[in-house]
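Worksheet for the structure shown next.
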Amino acid sequence: MSFFEQLLGGSRRSAPTAKERLQLVLVHDRADISPGKLEALKDELITVLSRHIEIDRRAVQVTLTRDREQQRLVADIPLASPRARRREAG
Amino acid sequence: MTAKIATITSGKGGVGKTTATANIGVALAALGLKVVCIDGDIGLRNLDVVMGLENRIVYDLVDVIEGRVRLRQALIKDKRQDDLYLIPAAQTRDKTAVSPQDMIRLTDDLRPDFDWVLIDSPAGIERGFRNAVAPADLIIIVTNPEVSAVRDADRIIGLIEAEEKGPGKLLINRFKPEMVRRGDMLATEDILDVLAIELIGVVPEDETVLVASNRGSPAALDDRSKAGKAFRNIARRLNGEDVPFEILEKSDGFFGRISRLVRPGEG
């Protein structure tokens with residue numbers, strides 16, 4: 001990166017990218033769950049949940065997170081909005 | 001004397017384990033301590049050339065373990081320092097010639113006569129690594145400020161914690177302060193934050209290390225070498241001294257100050 005870019009607070013610094021990529025890969029390494037495995041898990045969750053409740057399938061997010069103490073599997077499952085439900089019904 | 005046994009390992013190859021072992025060994029001996037360095041990389045002997053002792057080898061680690069020679073016969077005395085020794089790796093055998101139990105027995109035999117036993121671990125996480133780690137009281141994990149090396153360091157930290165040998169201490173090697181200042185290299189705090197491990201030292205990238213290795217005379221012996229100084233500080237920390245960490249990336253030049261003014265809080 002040139003001095004000029006640096007002066008402008010250039011956005012091409014690679015260290016923050018390195019840290020983000022590292023954190024993401026380590027979350028998967030430590031839990032021994034590859035991104036592919038997580039995707040498969042998400043699909044199965046959607047299938048099972050859909051049998052019981054109406055969910056917004058496209059907005060489901062399943063992620064691994066980590067704080068200092070623990071790794072966590074976080075599933076964010078929005079329910080289908082009443083409007084969408086009405087639309088589907090109608 | 002009751003030696004402490006420190007294993008130098010990394011997971012990833014080529015990050016500077018052997019250089020670190022030689023330099024820490026030399027620096028501990030310079031503090032007046034009695035040190036033996038063991039080359040744990042059976043089949044790929046290297047520590048001997050880094051220490052400049054390749055012409056003195058008669059017997060090796062496997063000769064001792066298989067009982068062909070006594071331990072004392074395989075100890076090679078350093079040419080410069082009286083209290084520094086090397087046990088070289090066998091060149092013609094593979095890692096299966098040695099077991100973790102063998103390494104524990106060998107280091108127990110060395111303990112009464114030395115202050116420090118340093119073991120240079122091979123890369124990888126297989127038999128050679130397990131041999132090197134089995135007798136360790138302390139594990140030093142060497143990494144470079146690079147995504148792949150830090151990832152492997154994390155794997156190693158997990159493995160040694162599983163064996164209840166952890167948490168170990170981190171040595172960051174080949175650190176380039178200018179690149180960190182520019183925002184193009186992981187800073188020490190970034191790496192420590194990701195790995196959640198204690199630091200033993202940061203060694204700057206330094207041409208004197210290659211020159212030293214060309215000559216077979218570790219950089220820790222060179223008063224003018226920056227890397228050498230970092231290794232000497234690591235040795236002092238191992239010896240229980242409270243040596244503050246050098247903050248390499250903050251030795252600001254004009255450009256550094258300008259960029260910090262422009263982007264406050266990111267330095």
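Some observations on this one:
- Leading residue by the ranking (surrounded by the most Cβ atoms within 10 Å (Cβ to Cβ)) among those in segment B:192-204 that are facing chain A (nearest Cβ under 10 Å) and part of a helix (DSSP H, G or I): B:LEU195
- B:ALA136 being among the small types (Gly, Ala, Ser), in contact (Cβ under 8 Å) with a residue 24 or more places away in the chain and either in contact with a His (Cβ under 8 Å, 6 or more places away or on another chain) or part of a helix (DSSP H, G or I) (or both): no
- Output for segment B:1-24, where each listed residue is at pLDDT below 95 and closer than 10 Å to B:ILE141 by Cβ: B:GLY11
- Residue match in segment A:1-15 (condition: surrounded by 12 or more Cβ atoms within 10 Å (Cβ to Cβ) and at pLDDT 95 or above): yes
- Looking only at segment A:18-39, and only at residues there that are under 19 Å from A:ARG72 (Cβ atoms) and among the small types (Gly, Ala, Ser), the one that is surrounded by the fewest Cβ atoms within 10 Å (Cβ to Cβ): A:SER34
Rundown of residues vs (1) crowded, with 20+ Cβ neighbours inside 10 Å; (2) part of a strand (DSSP E or B), yes/no style:
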site: B:PRO145; (1), (2): yes, no
site: B:SER148; (1), (2): no, no
site: B:ASP154; (1), (2): yes, no
site: B:ILE157; (1), (2): yes, no
site: B:GLU161; (1), (2): no, no
site: B:GLY166; (1), (2): no, no
site: B:ASN173; (1), (2): yes, yes
site: B:GLU178; (1), (2): no, no
site: B:MET185; (1), (2): yes, no
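- Check on B:GLU189, assigned to a loop (DSSP other than H, G, I, E, B) and either without any contact (Cβ under 8 Å) to a residue 24 or more places away in the chain or farther than 18 Å from B:GLY13 by Cα (or both): no
The values are calculated or read from the model by the stated rules, or taken from the named source; none is laboratory data. The model shown is predicted, which means the values in this text are computed figures rather than measured ones. Note that we place each Cβ from the backbone using ideal geometry, even for glycine, and neighbour counts take in every protein chain shown.
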